[in-house]
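Q: Please read through the structure below; I'll follow up with questions.
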Amino acid sequence: MKRWTSWLRISAAVIALVSVSVPTQAAENSINLQDPGNDIHDKASLRNGAKLYMNHCASCHAGKYMRFERVARDLEFSEQEINSLMRYGVTKVTESIKSAMTQEAGEMAFGVAPPDLSLEANYRGKKWLYTYLMTFTRDKSSTTGYNNGVMPNVAMPWVLAGYQASLEGQTNSWNQKKMLATKAGTLDSLEPEPQSFAMEMRDLTNFMVYMAEPIRPFRERFGKYVLFFLLVLLLPVWMLKKEYWKDIH
Ligand code: HEC
């Protein structure tokens, strides 16, 4: 009986501890994380993401586990295309993504060195990453002039500000044209919708998800074949079992 009551007391203490720690966690994640809706089997999206990463991120962020050779093979880049993506002192396709910035230069410039992003998508999760890219907003009180929804007071300057503004401008003017064309009944002759900033960030997140685990698209495809094979195997195995048990009964 005594033992029973002490167990009860321990459980009550555990429950109390858990209920105290839950609200603080909820406060940290108060912003809603958005799903990028990416597809790691979509090569066009991954290729676009790779270009975005190389053009806008690799100057500061290395991807030390990702070799250009592998990117070219997996995402079907031609030799010429992959050569034009290789930057910042990379001379051979067997080398990995390097940044133009040393640790010390990064610390001097931003107070924190830009981290290697090879495994970032696994470390933070793809929703966090996508939301991070989608929630830079103007903030005059910060050193960079911007703030971020999931990483308050982030030291990273918003390097895509100009790009974002230009794409949002294109999307807005397309929407206006669409409205006019709908009224005039000439929707058929409307040019295709431009790729929005959100779609660009979906592709960039997609590439970073691939970079964190390049074997994943293959594993997922292969997994389907394995399941199919096991399903087909089930029939002869089941028949064999019936055959064996016939003699035992
Ligand atoms: C001019 C340099 C620079 C460029 C270019 C840059 N970043 Fe950053 N980035 C930083 C710095 C510095 C930090 C560290 C911020 C901090 O810890 O407050 C950072 C942090 C991050 C983080 C958060 C890392 C973590 O988990 O703590 C992510 C994600 C990120 N950058 C993604 C990107 C992407 C994607 C691009 C390309 C669109 C990019 N960055 C371009 C400087 C840069």
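The values are calculated or read from the model by the stated rules, or taken from the named source; none is laboratory data. Predicted model only: the values in this text are computed from it and were never measured. Note: ideal-geometry Cβ built from the backbone for every residue, glycine included; neighbour counts use all protein chains shown.
Q: Is it the case that residue 55 is surrounded by fewer than 19 Cβ atoms within 10 Å (Cβ to Cβ), within 15 Å of the ligand (Cβ to nearest atom), without any contact (Cβ under 8 Å) to a residue 12 or more places away in the chain and not charged (D, E, K, R)? Lay out the reasoning, then the answer.
A: Values: surrounded by fewer than 19 Cβ atoms within 10 Å (Cβ to Cβ): yes; within 15 Å of the ligand (Cβ to nearest atom): yes; without any contact (Cβ under 8 Å) to a residue 12 or more places away in the chain: yes; not charged (D, E, K, R): yes.
Yes, satisfied.
Q: Right, next: Any residue that is surrounded by 17 or more Cβ atoms within 10 Å (Cβ to Cβ), in a helix (DSSP H, G or I) and either modelled with pLDDT of 95 or more or of a type in the set (Ser, Thr, Tyr) (or both) - is there at least one of those in segment 93-103?
A: Scanning segment 93-103 turns up no residue that is surrounded by 17 or more Cβ atoms within 10 Å (Cβ to Cβ), in a helix (DSSP H, G or I) and either modelled with pLDDT of 95 or more or of a type in the set (Ser, Thr, Tyr) (or both).
Q: Counting just the residues of segment 63-90 that are closer than 18 Å to residue 159 by Cβ and either more than 11 Å from the ligand (Cβ to nearest atom) or without any contact (Cβ under 8 Å) to a residue 40 or more places away in the chain (or both), which one comes out surrounded by the most Cβ atoms within 10 Å (Cβ to Cβ)? Break it down stepwise before answering.
A: Quick first cut of segment 63-90, residues closer than 18 Å to residue 159 by Cβ only: 63, 85, 87-88.
From the residues that got through so far, the ones that are either more than 11 Å from the ligand (Cβ to nearest atom) or without any contact (Cβ under 8 Å) to a residue 40 or more places away in the chain (or both) too are 85, 87-88.
Working: 85: 19, 87: 15, 88: 13.
The extreme case among them is 85.
Q: Pick from segment 146-162 the residues that are on the phi < 0 side of the Ramachandran plot and over 19 Å from the mean Cα position of the chain (by Cα): which of them is nearest to the ligand (Cβ to nearest atom)?
A: Residues of segment 146-162 that are on the phi < 0 side of the Ramachandran plot, as a first pass: 146-152, 154-162.
Now drop any that are not over 19 Å from the mean Cα position of the chain (by Cα), which leaves 146-147, 152, 155, 157, 161-162.
Working: 146: 12, 147: 11, 152: 9, 155: 3, 157: 5, 161: 11, 162: 12 Å.
Filtering segment 146-162 for residues that are on the phi < 0 side of the Ramachandran plot and over 19 Å from the mean Cα position of the chain (by Cα), the one nearest to the ligand (Cβ to nearest atom) comes out as 155.
Q: Right, here's the next one. Being more than 9 Å from the ligand (Cβ to nearest atom), of a type in the set (S, T, N, Q), more than 16 Å from residue 207 (Cβ to Cβ) and in contact with a strand residue (DSSP E or B) (Cβ under 7 Å, 6 or more places away or on another chain) is the requirement here; does residue 143 meet it?
A: Working: more than 9 Å from the ligand (Cβ to nearest atom): yes; of a type in the set (S, T, N, Q): yes; more than 16 Å from residue 207 (Cβ to Cβ): yes; in contact with a strand residue (DSSP E or B) (Cβ under 7 Å, 6 or more places away or on another chain): no.
Taking the combined requirement at face value, the residue does not satisfy it.
Q: If I ask for residues that are touching a residue at least 12 places away in the same chain (Cβ under 8 Å) and in contact with a Lys or Arg (Cβ under 8 Å, 6 or more places away or on another chain), which ones from segment 153-192 would you list?
A: Selection gives 190, 191.
Q: What is the one condition in (1) surrounded by 14 or more Cβ atoms within 10 Å (Cβ to Cβ); (2) in contact with a helix residue (DSSP H, G or I) (Cβ under 6 Å, 6 or more places away or on another chain); (3) part of a loop (DSSP other than H, G, I, E, B) that residue 117 does not satisfy?
A: If we test residue 117 against (1) surrounded by 14 or more Cβ atoms within 10 Å (Cβ to Cβ); (2) in contact with a helix residue (DSSP H, G or I) (Cβ under 6 Å, 6 or more places away or on another chain); (3) part of a loop (DSSP other than H, G, I, E, B), just (2) comes out false.
Q: Additional query: The conditions are (1) of a type outside the set (Val, Ile, Thr); (2) in contact with a helix residue (DSSP H, G or I) (Cβ under 6 Å, 6 or more places away or on another chain); (3) within 12 Å of the ligand (Cβ to nearest atom), and residue 136 fails exactly one of them. Which is it?
A: If we test residue 136 against (1) of a type outside the set (Val, Ile, Thr); (2) in contact with a helix residue (DSSP H, G or I) (Cβ under 6 Å, 6 or more places away or on another chain); (3) within 12 Å of the ligand (Cβ to nearest atom), just (2) comes out false.
Q: I've got another one for you. Please work out if residue 178 is part of a helix (DSSP H, G or I), surrounded by 13 or more Cβ atoms within 10 Å (Cβ to Cβ), away from the ligand (no atom under 15 Å from the Cβ) and not acidic (Asp, Glu). Can you show your working first?
A: Details: part of a helix (DSSP H, G or I): yes; surrounded by 13 or more Cβ atoms within 10 Å (Cβ to Cβ): yes; away from the ligand (no atom under 15 Å from the Cβ): yes; not acidic (Asp, Glu): yes.
Yes.
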